[in-house]
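**Q** Mind having a look at this structure? Questions to follow.
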Amino acid sequence: MIRPLLVLLLFLSSLTAAAECLTRGTGDLGIVIERASGSIKVLDTTRHEVLFHIEELGDLSHASAVYSRDGRYAFIFGRDGGLSKVDILCGTIVKRLVQGGNSIGGAISQDGSLVAVSNYEPGGVKIFSSEDLSPVAEIPATPLEDGEKRSKTVGLVDAPGQRFAVSLYDTGESWVIDMQDPKAPAIRRFTDIGRLPYDALITPDGRYYITGLFGQDGLSLLDLWYPEKGPRLILENYGKGEEKLPVYKMPHLEGWAIAGHRAFLPAVGRHEVLVVDMSDWSQVARIPVHGQPVFVMARPDGRQVWVNYAFPDNDTIQVIDTESMQIVKTFQPGKGALHMEFTPRGEEVWISIRDKDEIQVYDTRTLEQTHSLPAEKPSGIFFTSRAHQTGL
């Protein structure tokens, strides 16, 4: 009788565990990174509630996340090389592994089957199955002159055609990795793109891969429709600028705002937002702002751009009207305003305020705060709508 009783108890236990999972859609959910405690919170953006608190996710000091196609699973990339698959409907870690020594982000493939991780140590890209995090491919970066280390990899994004694009910081390269045959990745290498590429983005339509250069003015642009043309330098007057201001925090290129045919981007080492005509990638305006921008993010309809700033001005948010290119509001939500995320249709923006241990929610029509939620030293906020956007 002992064995049947044990089986019954295990079965009842599994039912209890299953009952704790939510039975609902994921379209209005998201997560916030709690960087100091190695934990995340699962958020309900409709009810403005915290659903789960998930711990033991390692070093999340520079963490990012992507989602499975159904929005149920978040893949968390930790600074310690950790890769975690989290079930946001159950509030549990499905699997976690440490795949490298120092990781700086990742991406999920177009079909959702592959998760790629960009590594500082060891330099290169590792690719895993999104199903069980089993290894699929390892792509080492270019060796450095000492022969012992490899270049850091940065700016890893997904691209159409089951591809990933990544840049190599130390060697000034961009690579396009074709994973249509996971057993035989095809790598197209572009060298001499510029000095010290530090971050990159892909435009929302998946066509242009743009890399920021810390070692020189300008950005590298690669047209993924015509990669045979190779990369070219654009915005050669963009960079650290005429006045060499100290750079307290590098801007995040993922935060570029695309509004109509214009792009709004943070200027490195300058108190400006630059406006670029995407038809020819020429600079058309400069908007003076409060400090050195970190994220310059567009509301989904493109009418507003919200900007946050590096230390010592990281207590301030400004809102720019993209038609007039004027600042329409400046406010101070608190020190450590680190990250902003719009709800899918843009009626709200959620902002992490690290030094207040809270998330603040703002109505983007009235520009007034409507809610706040507790979070321990929050940083990145990632909503499930990213599952259906290229490069996020």
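The values are calculated or read from the model by the stated rules, or taken from the named source; none is laboratory data. The structure presented is a predicted model; accordingly, all values stated were derived computationally and were not measured. Here Cβ is always computed from backbone atoms with ideal geometry, including for glycine, and neighbour counts include all displayed protein chains.
**Q** Which pairs turn up if I take residues in region 258-278 that are under 16 Å from residue 213 (Cβ atoms) and of a type in the set (Val, Ile, Thr) and look for partners that are at pLDDT 90 or above and part of a loop (DSSP other than H, G, I, E, B) with beta carbon separation below 9 Å, at least 6 apart in sequence or on another chain?
**A** 268/292
**Q** Quickly run through region 289-301 and pick out the residues that are touching a residue at least 40 places away in the same chain (Cβ under 8 Å) and out of contact with any Gly (no Cβ under 6 Å at 6 or more places or on another chain).
**A** Correct list: 290, 292, 293, 294, 298.
**Q** To continue, here is another question. So if I check each of 361, 305, which one is surrounded by 22 or more Cβ atoms within 10 Å (Cβ to Cβ) and at pLDDT 95 or above?
**A** On the way: 361 fails: surrounded by 22 or more Cβ atoms within 10 Å (Cβ to Cβ).
So the residue among 361, 305 that is surrounded by 22 or more Cβ atoms within 10 Å (Cβ to Cβ) and at pLDDT 95 or above is 305.
**Q** Report the residue count in region 194-231 for those that are free of Cβ contacts under 8 Å to residues at least 60 places away in the same chain, assigned to a loop (DSSP other than H, G, I, E, B) and either touching a Lys or Arg at 6+ places or on another chain (Cβ under 9 Å) or of a type in the set (Gly, Ala, Ser) (or both).
**A** Looking only at that region, the number is 8.
**Q** Within the set of pairs 6 or more residues apart or between chains, which connect a residue that is touching a residue at least 12 places away in the same chain (Cβ under 8 Å) inside region 363-391 to a residue that is surrounded by fewer than 21 Cβ atoms within 10 Å (Cβ to Cβ) and assigned to a helix (DSSP H, G or I) with Cβ atoms less than 8 Å apart?
**A** Listed by first residue and then by second, the contacts come to 391/254.
**Q** At pLDDT 95 or above, closer than 24 Å to residue 65 by Cα and charged (D, E, K, R): does that describe residue 329? Let's see the steps before the verdict.
**A** Numbers: at pLDDT 95 or above: yes; closer than 24 Å to residue 65 by Cα: no; charged (D, E, K, R): yes.
Judged against the criteria, residue 329 is not a match.
**Q** Looking at 294, 276, 284, which one is touching a Lys or Arg at 6+ places or on another chain (Cβ under 8 Å), farther than 24 Å from residue 156 by Cα, at pLDDT below 95 and in a strand (DSSP E or B)?
**A** Values: 294 fails: farther than 24 Å from residue 156 by Cα; 276 fails: farther than 24 Å from residue 156 by Cα.
After applying the criteria, what remains is 284.
**Q** While we're looking at this one, here's another question. Count, please, the residues in region 94-107 that happen to be surrounded by fewer than 23 Cβ atoms within 10 Å (Cβ to Cβ) and closer than 20 Å to residue 72 by Cα.
**A** Of the residues in region 94-107, 4 are surrounded by fewer than 23 Cβ atoms within 10 Å (Cβ to Cβ) and closer than 20 Å to residue 72 by Cα.
**Q** If you don't mind, another one. Suppose we keep only residues that are out of contact with any Leu (no Cβ under 8 Å at 6 or more places or on another chain) and in a strand (DSSP E or B) within region 253-265. Which one would you say is farthest from residue 316 (Cα to Cα)? Quick ask: steps written out before the conclusion?
**A** First pass over region 253-265, keeping only residues out of contact with any Leu (no Cβ under 8 Å at 6 or more places or on another chain): 255, 258-263.
Keeping just the survivors that are in a strand (DSSP E or B) gives 258-259, 262-263.
Details: 258: 22, 259: 22, 262: 24, 263: 22 Å.
The selected residue is 262.
**Q** How about region 38-58: which of its residues are of a type in the set (Ser, Thr, Tyr) and either touching a helix residue (DSSP H, G or I) at 6+ places or on another chain (Cβ under 9 Å) or surrounded by 15 or more Cβ atoms within 10 Å (Cβ to Cβ) (or both)? First the steps, then the outcome.
**A** Applying the first criterion (of a type in the set (Ser, Thr, Tyr)) to region 38-58 yields 39, 45-46.
If the condition is that a residue be of a type in the set (Ser, Thr, Tyr) and either touching a helix residue (DSSP H, G or I) at 6+ places or on another chain (Cβ under 9 Å) or surrounded by 15 or more Cβ atoms within 10 Å (Cβ to Cβ) (or both), then 39, 45 are the ones that fit.
**Q** Find the residue count for region 256-288, including only residues that are more than 21 Å from residue 365 (Cα to Cα) and either in contact with a His (Cβ under 9 Å, 6 or more places away or on another chain) or surrounded by fewer than 19 Cβ atoms within 10 Å (Cβ to Cβ) (or both).
**A** Of the residues in region 256-288, 14 are more than 21 Å from residue 365 (Cα to Cα) and either in contact with a His (Cβ under 9 Å, 6 or more places away or on another chain) or surrounded by fewer than 19 Cβ atoms within 10 Å (Cβ to Cβ) (or both).
**Q** Out of everything in region 366-381 that is touching an Asp or Glu at 6+ places or on another chain (Cβ under 7 Å) and under 28 Å from residue 203 (Cα atoms), what residue ends up being surrounded by the fewest Cβ atoms within 10 Å (Cβ to Cβ)? Working first, answer last.
**A** Keep residues of region 366-381 that are touching an Asp or Glu at 6+ places or on another chain (Cβ under 7 Å), which gives 370, 372-378, 381.
From the residues that got through so far, the ones that are under 28 Å from residue 203 (Cα atoms) too are 378, 381.
Working: 378: 28, 381: 24.
Checked region 366-381; the qualifying residue surrounded by the fewest Cβ atoms within 10 Å (Cβ to Cβ) is 381.
**Q** List, please: which pairs have Cβ atoms under 8 Å, are six or more places apart or on different chains, and start with a residue in region 114-127 that is among the basic types (Lys, Arg) and end with one that is outside any strand (DSSP E or B)?
**A** Close Cβ pairs satisfying both conditions: 126/99; 126/100.
**Q** Name every residue in region 143-155 that is part of a loop (DSSP other than H, G, I, E, B) and either without any contact (Cβ under 8 Å) to a residue 40 or more places away in the chain or touching a helix residue (DSSP H, G or I) at 6+ places or on another chain (Cβ under 6 Å) (or both), in order of residue number. Don't jump to the end; show me each part of the working.
**A** So in region 143-155, the residues part of a loop (DSSP other than H, G, I, E, B) come out as 144-149, 151-152.
Passing the criteria: 144, 145, 146, 147, 148, 149, 151.
**Q** Now a separate question. Quick check: is even one residue across region 132-150 crowded, with 22+ Cβ neighbours inside 10 Å and either closer than 14 Å to residue 106 by Cα or of a type in the set (Ser, Thr, Tyr) (or both)?
**A** In the first step, residues of region 132-150 are kept if they are crowded, with 22+ Cβ neighbours inside 10 Å; the result is 141.
Subset that is either closer than 14 Å to residue 106 by Cα or of a type in the set (Ser, Thr, Tyr) (or both): none.
For region 132-150, residues crowded, with 22+ Cβ neighbours inside 10 Å and either closer than 14 Å to residue 106 by Cα or of a type in the set (Ser, Thr, Tyr) (or both): absent.
**Q** Let me ask you something else. Which one is modelled with the lowest pLDDT among residues in region 194-229 that are exposed (fewer than 15 other Cβ atoms within 10 Å of the Cβ) and more than 20 Å from residue 270 (Cα to Cα)?
**A** Of everything passing the filter in region 194-229, 204 is modelled with the lowest pLDDT.
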